[in-house]
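The values are calculated or read from the model by the stated rules, or taken from the named source; none is laboratory data. Quantities reported herein were computed from a predicted structural model and do not represent experimental measurements. Cβ atoms come from the backbone with ideal geometry, glycine included; neighbour counts cover every protein chain shown. Keep in mind that these areas ignore ligands, DNA and RNA; they rest on the heavy atoms of the full protein, side chains included. Shrake-Rupley method; radii C 1.70, N 1.55, O 1.52, S 1.80 Å.
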Number of protein chains: 2
Amino acid sequence: MTTDMEAKPNPVAAVADHGGSLERARALFPQAPEPWVDLSTGINPHSYPLFDLPATAFARLPEPARLDELAGQAAAAYGAPSSHCVVPAPGTQSLLAHIARLVAPGRARILGPTYAEHARVAALAGHRVEEVGDIAALEGADLGILVNPNNPDGRMTAREPIVDMAARMQGRGGLLVVDEAFMDVTSDTHSVAGDIGQGGLVVLRSFGKFFGLAGIRLGFALTAEPLAEKLKDELGPWAVSGPALEYGLKALGDSDWQRANRQRLEVDAARLDRLLAAAGLPQSTGTALFRFLRFAGAPALFDHLGRHGIMTRAFSAMPNALRIGLPGSESEWKRLAAALESYRGEPHE
Amino acid sequence: MTTDMEAKPNPVAAVADHGGSLERARALFPQAPEPWVDLSTGINPHSYPLFDLPATAFARLPEPARLDELAGQAAAAYGAPSSHCVVPAPGTQSLLAHIARLVAPGRARILGPTYAEHARVAALAGHRVEEVGDIAALEGADLGILVNPNNPDGRMTAREPIVDMAARMQGRGGLLVVDEAFMDVTSDTHSVAGDIGQGGLVVLRSFGKFFGLAGIRLGFALTAEPLAEKLKDELGPWAVSGPALEYGLKALGDSDWQRANRQRLEVDAARLDRLLAAAGLPQSTGTALFRFLRFAGAPALFDHLGRHGIMTRAFSAMPNALRIGLPGSESEWKRLAAALESYRGEPHE
């Protein structure tokens, strides 16, 4: 740990957020050089190409028929049985409170450690929340939640145990939620989107991360038709904005862009891993949209990069962990390389 | 009633919707001339001028500090005591289910007839729903709801009785929701946005109607801070999209545009009233964003205008009523005038 680090209050504790805020980065590191390199999220830095939207996308209420089209496009892209199983929403975040209330308040078990919003929202819905370390431990829960691949460590759970667990939980009146927010960048064989027809299963898919369009707020719940209808009833009409509708339709149907970007992200993630290794850091885990490090020097590295204007993601509940997103431009890659180089040169514990 | 009307199944029964869908208009009147003149909503046809959005509004997660700025702008525009009382959301529709759950399932009373979503969502939250015809009848309810000015008939309830009722309901543990979706186009003196500090009161303000930007999905709940915090907790982070954030900030701060458009809408509503009167129709009520007719010939007029490619809003629960929005361009005004002229020439009951 650097002397500089010891002299200031623990910056990690102040970052009980979800990343992606340059305001917070500036508040933590007011002396850092601008512009900031924001590696604090797992959002694709190469966003789907922006295009001109028709004025009606802003002015008029979104057409119900166009929303059905989007649901069909999402079903095809994610491998869900039909458009009737798809619930389009302004980001999966907006669905969490409604999903947590699909079962009466009881016991929620979450495969952790993972994205903190799941525990927060389950508790808000009246559930007693427990974090468990093994998928088998979800069985007795009324509401089971797992993130696959997991955020932030990238842990992957195979399809079969998930499908089995959903069936067992359903037999006891429970519901299994599988948050596949980062599934786009992995082999599709682990997604359970195709298994929702069996019931007892809700799959969450995020649009903004892989397509690099987090600002438009678009996400989907995939679930058997009766539960999908319930969720649509909660959201009511016009849940998805006109701009989100247009981008969703175009990008989800663009398999060329998707294929090319899956490849690019894999190449970039490997490049990031090489940089981290060259700086003497331990082997990372994660997904192609972010890398995850767990080692005693994580707070010092967070601090070092922050002072160089590079924001990464620290975790108040895991002080020895750091998540690092992908740089976008070559100048961002160079700044990260230089900062890691100087980090290597400093004395560490 | 025209012979043509009697020959086909009642088209009004098929329009159990909220207006604004040209797909539905085309399905009902497949022979109608294009383009459609959509007068089926109460959305300002002269939308706030579109402007170029920064790429970051689409790509990045919306900054929490920018959302706070929007809350402050909304507080100033609507006359709420502070930004902490403002809950920005992707349309007020998305707030209804959360608001209905701020009180335990009990008795919901709605001053009706009014916007149908309030009753639907209150029932969904487990309330026994009753429609009442007088504000005094709200008193015994756990959840009271009134729309002011009312949609579709424009009935206005004065500020003082509302504030009194909220206080009385709060004394019994109840909550009063005042949907001010169309308050922008009336004298501000009837808004209770400034009274939310007393508690027991939630005010809904819609952004898309007055600013003519229904597609971006933006609306606000205004309520005392403890309830505002609860609603924000339900929505979670990033509830409002980047495009909605940018438009909200600019348009809510643009008092010149607001003043000019309030005047224009009043002029246009008076012009619409003159057209209706010239066609021998009864005196209308409503707001400056829509006019409302209640007379036996309403289904025939809906049908006549529909066959001329002009979509208005019929109500399955009020077959003798029709709501007519404002034409936008001069060519739309001309088509409406011509259609009303030929309606006048037809034999009516």
Suppose we filter segment A:221-251 for residues that are more than 8 Å from chain B (Cβ to nearest Cβ), of a type in the set (A, V, I, L, M) and open to solvent by less than 10 Å² (accessible area, probe 1.4 Å); how many remain? 6
Evaluation of B:Ser21 against (1) without any contact (Cβ under 8 Å) to a residue 24 or more places away in the chain; (2) open to solvent by 20 Å² or more (accessible area, probe 1.4 Å); (3) under 26 Å from the mean Cα position of the chain (by Cα) (one fails), failing number: (2)
Does at least one position in segment A:81-95 carry a residue that is surrounded by fewer than 16 Cβ atoms within 10 Å (Cβ to Cβ), at pLDDT 95 or above and over 20 Å from A:Gly212 (Cα atoms)? yes
Residue count, segment B:116-147, condition under 21 Å from B:Ser191 (Cβ atoms) and open to solvent by less than 50 Å² (accessible area, probe 1.4 Å), comes to 9
How about segment A:34-58: which of its residues are touching a residue at least 12 places away in the same chain (Cβ under 8 Å), hydrophobic (A, V, I, L, M, F, W, C) and either surrounded by fewer than 24 Cβ atoms within 10 Å (Cβ to Cβ) or out of contact with any Asp or Glu (no Cβ under 9 Å at 6 or more places or on another chain) (or both)? A:Trp36, A:Ile43, A:Phe51, A:Leu53, A:Ala57, A:Phe58
For segment B:289-304, does any single residue satisfy the condition of being charged (D, E, K, R), open to solvent by less than 10 Å² (accessible area, probe 1.4 Å) and either farther than 30 Å from A:Gly219 by Cβ or within 21 Å of the chain's Cα centre (by Cα) (or both)? yes
So which residues in segment B:59-74 are more than 14 Å from every other protein chain (Cβ to nearest Cβ) and open to solvent by 10 Å² or more (accessible area, probe 1.4 Å)? B:Gly72, B:Gln73
Filter segment A:83-100 down to the residues that are more than 7 Å from every other protein chain (Cβ to nearest Cβ) and free of Cβ contacts under 8 Å to residues at least 40 places away in the same chain and list them by number. A:Ser83
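Yes or no, residue by residue, for (1) out of contact with any helix residue (DSSP H, G or I) (no Cβ under 8 Å at 6 or more places or on another chain); (2) small (Gly, Ala, Ser):
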residue	(1), (2)
A:Ala97	no, yes
A:Arg109	no, no
A:Val129	no, no
A:Ala136	no, yes
A:Gly140	yes, yes
A:Gly144	no, yes
Take the residues of segment A:315-335 that are in a helix (DSSP H, G or I) and more than 16 Å from A:Leu22 (Cβ to Cβ): which is least open to solvent (accessible area, probe 1.4 Å)? A:Trp333
Name the residues in segment B:182-220 that are of a type in the set (A, V, I, L, M) and more than 10 Å from chain A (Cβ to nearest Cβ), would you? B:Met183, B:Val185, B:Val192, B:Ala193, B:Ile196, B:Leu201, B:Val202, B:Val203, B:Leu204
Would you confirm whether any residue within segment A:337-347 is under 23 Å from the mean Cα position of the chain (by Cα) and open to solvent by less than 20 Å² (accessible area, probe 1.4 Å)? no
Considering segment A:22-43 alone, what residues qualify as being within 13 Å of chain B (Cβ to nearest Cβ), more than 18 Å from A:Leu326 (Cβ to Cβ) and touching a helix residue (DSSP H, G or I) at 6+ places or on another chain (Cβ under 9 Å)? A:Glu23, A:Arg24, A:Ala27
